[in-house]
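In what follows, a single structure is set out as structure tokens and then discussed.
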Amino acid sequence: MLDLLIKDANLPDGRSGVDIAVSEGRFETIAPAIEAEARKVISAGGRLVSPHFIDPHFHMDATLSLGKPRLNRSGTLLEGIALWGELKPLLTHEEVVERAMRYCDLAVSQGLLSIRSHVDVCDDRLLAVDALLEVREKVRPYIDLQLVAFPQDGLYRSPNAEKNLMRALDKGVDVVGGIPHFERTMLEGAASVQRLCEIASERGLLIDMHCDETDDPESRHIETLSAQTVRLGIQGRVAGSHLTSMHSMDNYYVSKLIPLMAEAQIHAIPNPLINITIQGRHDTYPKRRGMTRMPELLAAGINVSLGQDCCMDPWYSLGNADMLEVAHMAVHVAQMTSVAAMKQAFDAVTVNSARAIGLDEYGVEKGMPANCVLLQARDPVEAVRLKATRLAVIRNGEVISETDPRTARLNLAGRPDVVDPADYAPVEKAGETG
């Protein structure tokens, strides 16, 4: 007997009307009209079953701390960093764990089952590191939590940052992080990139570096990161997050930079919600929005995934663990409104993110772990358009979250009694726009 059978599902690759059989926590068969008994049967009714959502860039040590000890009045990155510096001495282990666990509950309800979180290592206590290592174990049955040793105050700007980063890695933190644009000088920023890449290479670890999160077009640490990646032979293991200075760079330089990134097989991780609210704060009009050149990066064959970055913390007062909201914003700000581009945005919160964080066993395919989400949408474009309700979230074949469909009851003569937003404007009839 099967553990789970999902009937009449659509898949992101365009297959429709298929059944999905799950046994012993893995997808056993995906085919039309499977006839078998199962302990639980779900009727998808032509809705989309997607692999679970992934957030490749988040800060769980700060999440849900909005207003502590005060609000970010300017809305800038630098005030957010200063505010976090005020909050760090006030943190307790129990409070960080409690906030992170609450966020993970929210994440599960949104079908977000893999998260890469940066954790600040510039507190000599490594309090947040220890707290999130505990959280990683607590949520392991239902969330893959990958931690990045992040020297928030700068590897060289903060006196004990390198020593603390090494301590965090020794404790079991997974990935090497950095923030070269926050060092005192461009030279120290470049030196930090080289040192951090060497540490990761020596330890056989992945790298995810905050890179050029600034409006300054002369901030070019992604160039250094690409060069060091090739020098050390660690292609495919390195991610550059944010990359907002690319928004302001001249086209000639970018025509050189993007091939360097492609040669190094850099994973690019823009964070559209936070990038477009933090960047351009010093502009009058026209006002820059700071989103990196996502269509151009994708066209060059670079793996682009989308991160949420923040949720109700010193940098961003909004957020709700919804990766479809992230994709929805990217479609707008990157002007990716063709059908093909909207599908790319969906991929950027699913399969592309899996590649970015090194998650090998992923996808609704035979033999893979049965981790998926049933959405109130028929296809990826409709899911992005509607920020579709997660009707069921499944981990290793077990339903771990359920949500009622989002519908409205009408009281209009001669009109339908119930409105389901997924029944309107089917994408296959929509015209192609740029």
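The values are calculated or read from the model by the stated rules, or taken from the named source; none is laboratory data. Note that the structure is a prediction, hence the values are computed from the model and not measured. Glycine also receives a Cβ, built like all others from the backbone with ideal geometry; neighbour counts cover every protein chain displayed.
Listing for the model above:
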item: Among the residues listed as 125, 99, the single one being free of Cβ contacts under 8 Å to residues at least 24 places away in the same chain and of a type in the set (Lys, Arg); result: 125
item: Subset of the range 171-189 (residues that are surrounded by fewer than 19 Cβ atoms within 10 Å (Cβ to Cβ), part of a helix (DSSP H, G or I) and either free of Cβ contacts under 8 Å to residues at least 40 places away in the same chain or not assigned by TED's automatic domain parsing to the domain that holds residue 80 (or both)); result: 186, 187, 188
item: Those strands (runs of 3 or more DSSP E) lying entirely in the range 335-434 with at least 3 residues under 26 Å from residue 236 (Cα atoms), in contact with a Phe, Trp or Tyr (Cβ under 8 Å, 6 or more places away or on another chain) and touching a residue at least 60 places away in the same chain (Cβ under 8 Å); result: none
item: Verdict on residue 135 being in a helix (DSSP H, G or I), touching a residue at least 60 places away in the same chain (Cβ under 8 Å), farther than 20 Å from residue 278 by Cβ and assigned by TED's automatic domain parsing to the domain that holds residue 326; result: yes
item: Members of the range 164-218 found to be among the polar types (S, T, N, Q) and out of contact with any Cys (no Cβ under 9 Å at 6 or more places or on another chain), listed by number; result: 185, 192, 194, 201, 214
item: Selection within the range 28-50 - charged (D, E, K, R) and either under 21 Å from residue 393 (Cβ atoms) or not in a loop (DSSP other than H, G, I, E, B) (or both); result: 28, 39, 40, 47
item: Selection status of residue 413, outside the structural domain of residue 175 (by TED's automatic domain parsing), modelled with pLDDT of 95 or more, of a type in the set (Gly, Ala, Ser) and at negative phi; result: yes
item: Residue identified as of a type outside the set (Gly, Ala, Ser), within 30 Å of residue 339 (Cβ to Cβ) and assigned to a loop (DSSP other than H, G, I, E, B) among 61, 13; result: 13
item: Single residue of 91, 87, 155, 113 found to be under 17 Å from residue 57 (Cα atoms), in contact (Cβ under 8 Å) with a residue 24 or more places away in the chain and either of a type in the set (A, V, I, L, M) or crowded, with 18+ Cβ neighbours inside 10 Å (or both); result: 113
item: The range 236-253: number of residues that are surrounded by 14 or more Cβ atoms within 10 Å (Cβ to Cβ) and over 22 Å from residue 271 (Cα atoms); result: 1
item: Any hit, the range 269-281, residues being part of a loop (DSSP other than H, G, I, E, B) and farther than 20 Å from residue 330 by Cα; result: no
item: Residue satisfying all of: in the range 65-82; without any contact (Cβ under 8 Å) to a residue 12 or more places away in the chain and small (Gly, Ala, Ser); surrounded by the fewest Cβ atoms within 10 Å (Cβ to Cβ) among these; result: 67
item: Extreme residue, nearest to residue 195 (Cα to Cα), among residues of the range 225-265 that are part of a loop (DSSP other than H, G, I, E, B) and of a type in the set (Gly, Ala, Ser); result: 233
